[in-house]
Amino acid sequence: MKKEIALTLHKIGSIKFGEFTLKSGIVSPIYIDLRLIISYPKVLKLISDAMIEIAKDLKFDVVAGIPYTALPIATTISISQDWPMVYARKEIKDYGTKKKIEGVFSEGDTALIIDDLITDGASKFETIKPFEASGLKITDFVILVDREQGGSKKLEEKGYKMHSVIGINELLDILKEEGKIDEDKYKKSKDFIAETQM
């Protein structure tokens, strides 16, 4: 399934090579744009199925989608498995219920965080805040791609467990082995990951 995911993401143009500034501010020779998957239902299902395989072994009460990229993934997982879903609002409305978390849950419930990728982990701690402030417990994250730049380690240091479908090094190895990228792109990306690993 990992090979199929890597090749499919490459085929739809989700894996880009060049110079890209990441959210963390670092400039990367590889960029993974998972926002495209919403236009490819079969790809969305493939990714969701891989994440379900991991989630089946975890204990949680609700799945939690992260705006915006992971929301369709979490929704697909929720529908497929009949698992209740919640999500944190990016912007809290100043009218109506003014809720931070949408969906039905009880205080003390455990939310399984579903997200598209992790780099240094900083955005994951921002993600956790509104859920925990609303009385939900977070123990596990299921992530599609681990960029292997320290995020997993930071989460684990704070007592959370991270489970990824595929690591960026493995993804690059598959693309190289299958002749989808040349030696230059492969080496630049691998060197960058090695230099920025924490």
Output the number of residues of the range 37-72 satisfying the condition of being over 14 Å from the mean Cα position of the chain (by Cα), over 15 Å from residue 144 (Cβ atoms) and in a loop (DSSP other than H, G, I, E, B).
6
Pairs returned, first residue in the range 90-114 that is on the phi < 0 side of the Ramachandran plot, second residue that is at pLDDT below 75 and β-branched (Val, Ile, Thr), beta-carbon separation under 7 angstrom, 6 or more apart or interchain, are 100/92
How many of the residues making up the range 52-71 are among the hydroxyl-bearing types (Ser, Thr, Tyr) and either touching a residue at least 40 places away in the same chain (Cβ under 8 Å) or touching a Pro at 6+ places or on another chain (Cβ under 6 Å) (or both)?
1
Among the residues of the range 1-51, write down those that are among the polar types (S, T, N, Q) and touching a residue at least 40 places away in the same chain (Cβ under 8 Å).
24, 28
Inspect the range 77-94 for any residue being within 30 Å of residue 173 (Cβ to Cβ), surrounded by fewer than 20 Cβ atoms within 10 Å (Cβ to Cβ) and either among the hydroxyl-bearing types (Ser, Thr, Tyr) or out of contact with any helix residue (DSSP H, G or I) (no Cβ under 6 Å at 6 or more places or on another chain) (or both) and give the result as yes or no.
yes
Could you grab me the full set of residues in the range 33-43 that are touching a helix residue (DSSP H, G or I) at 6+ places or on another chain (Cβ under 7 Å) and either among the basic types (Lys, Arg) or buried (at least 17 other Cβ atoms within 10 Å of the Cβ) (or both)?
37, 43
Sort out which residues of the range 1-32 are surrounded by 14 or more Cβ atoms within 10 Å (Cβ to Cβ), part of a loop (DSSP other than H, G, I, E, B) and modelled with pLDDT under 95, and write them in order of number.
22, 24, 26
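The values are calculated or read from the model by the stated rules, or taken from the named source; none is laboratory data. Just so it is clear, the model here is predicted, and its values are computed rather than measured. FYI the Cβ positions are ideal-geometry reconstructions off the backbone, even for glycines, and counts take in every protein chain you see.
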